[in-house]
Every structure is written in C-alpha cells, then in structure tokens.
Amino acid sequence: LPSPIPCFLAQPVTPELLVSPSSQDGDLGSECLEDRGNWTGRLDFLLSCIGYCVGLGNVWRFPYRAYTNGGGAFLVPYFIMLAICGIPIFFMELSLGQFSSLGPLAVWKISPLFKGVGMGTILIVSLVAIYYNMIIAYVLFYLFASLTSDLPWQHCGNWWNTDLCLDHHIIKVGNTTFPVNITNTVSPSEEYWSRYVLHIQGSSGIGDPGRIRWNLCLCLLLSWTIVYLCILKGVKSSGKVVYFTATFPYLILVMLLIRGVTLEGAWKGIRFYLTPQFDHLLSSKVWIEAALQIFYSLGVGFGGLLTFASYNTFHQNIYRDTFIVTLGNAITSILAGFAIFSVLGYMSQELGVPVNQVAKAGPGLAFVVYPQAMTMLPLSPFWSFLFFFMLLTLGLDSQFAFMETIVTAVTDEFPYYLRPKKASFSAVICIALFLMGLILTTEGGMYWLVLLDDYSAGFGLMVVVITTCLVVTRVYGMKRFCRDIHMMLGFKPGPYFRACWMVLSPATMMALLVYNIVKYQPSEYGSYRFPAWAEVLGILMGVLSCLMIPMGMVVAVLREEGMLWERVQQASQPAMDWGPSLEENRTGMYVASLAGSQSPKPLMVHMRKYGGITSYENTAIEVDQEMEEEEEESMM
C-alpha cells in the first residue's frame, strides 16, 4: 500500500464517508484525526479534572452553605446528592467524550436533532469565562498588594477610608478599656475592597458603569495572557501546567489549616461549622442547597469534563477516575471548611463578636473577611500572599477548562481549517472575551459581574444537563449507551448507574429547576437592588441558552428529506460516522460505518487488518452476539 498522505498536505475535497472503497480503507482520515492531540502523561487527565472541579466554590461557597444548612448534618444530603446526581452525570459526560473523541458540539452526532444543546453549552461557558477571569484579576490585584511589609487594608486613615472606618486594633482596646459601638462601622478591608479596588462609589448603579479602573484592566489583561500561554498548545501544554496548579493548592490549604487550628479561638469556629443540627434535614431547602453545591462544584454541563475525556485513549479507565475526582472534590470542600472556619473562629474572638457575624460567602469571604483575618496574624503579608496564590491556582485550572471547551468545540466543527491554526484561534477567542470583559473593570463592573454570576449558568445550565440525560437514555437508548461503555471499558454500567440515568438524576435536576423558578429572587449587591431592565437582561441570558435547543432542532430537520415526522426521526438517529474516532477502536457494530467497509462480518475485517483478538475485541464479539440474539428475538 502507498504511504498515507501527510495531514498538512491533505485537502478536504470530499467528506470521509464519501471516499470510495479503494481509498486506503480510510487511512487518510485516521491519520489526520491524530492531529487533534492527546494527553501526553498518565496523570494529565486526572489532574486536569481535579483542577477543573476543585475551584473557588470549594473555598468560598461550600463552608458557608454547610454552616447555614445544618452544619455537620449538611453532609448527609450532600453525599446522598453526590451519589444520585453528581457521580452518574459525571460518568456520563466522561463516557460521551472518551467514546467519541469529540468536543461539546461535534459530540451531538449521537443525535443531530439535539445539536442545539451543544450550542447552548458553548454560550453558557463563554459567559462564565468572561466573569470568571475577572475574579482571577481581582485575585491578582490582591496578590500584588500583599507584596509589602504592611498590608494596605490593615488600617484606616488612607484616602479611600471614610469616617465609619474602624480597625480591629481599636476594637480590641475597646474591649478592655472603654466600650466601642461597632454596629455602624466598617472594617478597613471592606472599604479597601469597595472604595479602592472597585471604586464603586464612582457608579450609581448598573446603568452607570463609570470609568475603567486601569489597574483592574491591566490585571485582567495579565490574567488572559496567563490563560492563553497555558492553553497555547491545547492539552499538551495545559496538561503539564495542571501538575502545579492542581496540586499546589493542597499544599497551601494544609499550611493554612495547620496555622488556623493553632490560633486561639479556632475551635470556636470549627464547632460552629460542624455542629450538626439534624432538624434542618426536614427542610427541602437543605436538600436543594446540597444538590446545587454538587451540581456547580463538579462542573457538570459546562462541557469541560466531556472535552477533557475526548483527549483520552479509548480504553482509559474513566470509571475509576470518576470516583477519584468526585470524592476528592467532596473531601477538599470539607477540608477547606476547616481552614476557613478555624480562622473565622480566631477572628470572632479577636473582635468579640459571634462567628455568624463574620462568616460570609463568595467574594465577601475572599476579598473582605479573610484578608481582614490575615491582618490579625503575625507575618500577615506572607499568609495573605499564600491565600491569594491558592485562589489563583484554584481559579486558573477551571479557566483552562472553560477555554479548552470553547476552542475544542469550534475546532472539532471545522477541523481542516482551524485545527492547524489552533494557537491563533485560541488567541482570537481570548482577545474577544477580554474585550467583552472590559465592562467588568469599570467602577460599576461589580454589578455586571453579579448579573453574569446569577444568570449565565442558572436555569439554562440545568435545562442543558436534563436534556443531555434524557437524549442519551431515551433517544439514543440506554441499551446502546451501555453497549458503548461495555465496548470501551470492558464492562457494562451496573443497576446503580442505569437507575440514576433513567430516573433519579433527571428527576432531581427537574426538582432543582422548578425550585429555582418558584423561589426566584431578583439580583442584589449589598443594599443595591437591580432595576427591572437588568433583571430582564439576565433572564434573557438564561433563556437564550435554552432557545439554542429548538433552534438547533429546526436546522437539523430542514437538512433532512421527506415528511416532517420522517425528518424528525432521521435527525434523531446517530450520524453515519458516530462512534470511536480511530479505526482501530471501531470494533463490532461500528466497523460497518467505516469508509470502504463492505463485509457482512466487519469484526473479521478489523481482525485481518490489525491481527489477533484483544480482550476488548472479545468484548466486541460479545456485543455483536448480543445484538444478533436480540434481532432473532424481535423476529420471532
């Protein structure tokens, strides 16, 4: 046989499936697909998934959710929801990505009628990537501000402080010599955040963004530059960076934990965090909060898991990886709670106030409360630098996943044109998202960030995940999906996974969606209430990702021929080239869909070409026999 044509010389004159049987049995297509790339190290995939899932939410959302929803008792619904909703959907996403070696758009060859789900995913991820990198920019700002002998938010008396500013040193003196009324005062760290970093007093609301804060703008530019340099060569570069960004936060977290538990009053905070209040378990709100924490913490529905798995080898043990990542994520969240609340306990003792008065969630914890706590420690700039460096590494690998998802999705749609220029295309995406994020660097940028955070990945994301679950199990078929996993991993998913995919997971997510709609509350930031037009804009963001699904359906139906119902049926069936991307992995039923395969015994063709029967080809024989038996039963 003549040697295959190099990929860079190959021009896509005709689609691969239309190549004649004499065209090297599809060698050209197989060779070119290798350009997509794979993980280069054994731990690249696992560490990338850990880095993606273990993010800012583990530090600033889980501990707060736990203490407000029953303390230690919250772990009961948390792990139940992890088992019902988290692990099964996580495994489903990894399976789809690894089986097809395709991104979140092209993977919908599984059922082209629902390609709009992939479009909705990309819209959601793009919106999240814009504001998530702004949070990383804030972290960079504080990281640089920590490189000093005296933290700038330690004392009052700066130009940005007001008459309401009162630092903790005065409060401590007040506890011993004279009473100080702290009810109408503001901490130096809070004024530093709102009046210096954000300069929010320069904006009257979301409709009045004010001027660009150039120091924030430069931090955002640096953040996007770091992200671009790390994803420059796709998973080959980001897969190496995560060896540091996914593991180093654990080192810092342990250091903060050891420092935290040795502080006076630390156990007061930990007791507040973990004391179980089992009466909370009777409230539906607690179960919903647990499910929400699992849903967003694991990052299901954003396409990151599917994208990472698509760069795996075909027989990678993602079943094992699923349990390592999901349980590791849960343990990290609990560990972070100890690190955070031990310091908050010390802080409450220093200020002479209850723990619940200093405990906050989200940016309030990261940029106000914890920085204030750092000022009370010896060597405060060192601990502050460590804390923000941990947040930086936690945020970056999640951002890598968002960007890799967008780039992979589009390059898989136009592989011949974009794949050779992936670095340039990544640069274009980064520049575009940076420019769209400039409004977040203005004096009123925080209002826009809150709006994006509240609506970009709200009910739209839930609709995407519910639809994916239903399409895979109902339209594609549970039997067929289990056969694919059997062919890939050598065993079928057990009754636990099948029950969750068919009933428990979609039912739980439907309950989440209904709860979110029924309990809808307008966005707010502190005492500021968003105007009606801003609420409408936010809702439209969520609705637009949902509308992608029917829009995709219309396009898919118009591409088919025949009556309307015939078109719908044809569009809902898997595409002709659906299946493993490499020819050597297309055993059993999938060999028949390869270009040039005309044998009624496709597995035999595969064996003659590659020689021998591996354990996975034995699996393919079993799958073929099972299908033949089912056909015979249906004919009887």
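With respect to the conditions (1) under 28 Å from residue 396 (Cα atoms); (2) surrounded by 15 or more Cβ atoms within 10 Å (Cβ to Cβ), residue 317 lacks only one, and its number is (2). Please tell me if residue 240 is farther than 30 Å from residue 335 by Cβ, modelled with pLDDT under 95, under 31 Å from the mean Cα position of the chain (by Cα) and assigned to a helix (DSSP H, G or I). For residue 240, the condition - farther than 30 Å from residue 335 by Cβ, modelled with pLDDT under 95, under 31 Å from the mean Cα position of the chain (by Cα) and assigned to a helix (DSSP H, G or I) - is not met. In the set 401, 359, only one residue is of a type in the set (Gly, Ala, Ser) and over 30 Å from residue 496 (Cβ atoms); that residue is 359. Checked against (1) crowded, with 21+ Cβ neighbours inside 10 Å; (2) assigned to a loop (DSSP other than H, G, I, E, B); (3) of a type outside the set (D, E, K, R), residue 149 passes all but condition (1).
Residue-by-condition table, conditions (1) under 21 Å from residue 363 (Cβ atoms); (2) touching a residue at least 60 places away in the same chain (Cβ under 8 Å):
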site: 516; (1), (2): no, no
site: 523; (1), (2): yes, yes
site: 530; (1), (2): yes, yes
site: 534; (1), (2): yes, yes
site: 541; (1), (2): yes, yes
site: 548; (1), (2): no, yes
site: 551; (1), (2): no, yes
site: 556; (1), (2): no, yes
site: 565; (1), (2): no, no
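Could you list, in sequence order, all residues of the stretch 495-528 that are within 19 Å of residue 88 (Cα to Cα) and open to solvent by less than 30 Å² (accessible area, probe 1.4 Å)? Steps first, answer last, please.
Just the residues of the stretch 495-528 that are within 19 Å of residue 88 (Cα to Cα), to begin with: 495-513.
Result: 497, 500, 501, 505, 506, 508, 509, 512, 513.
One residue is enough: does the stretch 271-279 have a residue meeting the conditions of a type outside the set (Lys, Arg), crowded, with 20+ Cβ neighbours inside 10 Å, part of a helix (DSSP H, G or I) and modelled with pLDDT of 90 or more?
Scanning the stretch 271-279 turns up no residue that is of a type outside the set (Lys, Arg), crowded, with 20+ Cβ neighbours inside 10 Å, part of a helix (DSSP H, G or I) and modelled with pLDDT of 90 or more.
Within the group 88, 63, which residue is surrounded by 20 or more Cβ atoms within 10 Å (Cβ to Cβ) and out of contact with any Gly (no Cβ under 8 Å at 6 or more places or on another chain)? Just one listed residue meets the conditions, 88.
The values are calculated or read from the model by the stated rules, or taken from the named source; none is laboratory data. Keep in mind that what you see is a predicted model, and the values were worked out from it rather than measured. Neighbour counts run over all protein chains shown; Cβ positions are idealised from the backbone, glycine included. Just so you know, the surface numbers come from the protein's heavy atoms only, side chains and all, with ligands and any DNA or RNA stripped out. Shrake-Rupley method; radii C 1.70, N 1.55, O 1.52, S 1.80 Å.
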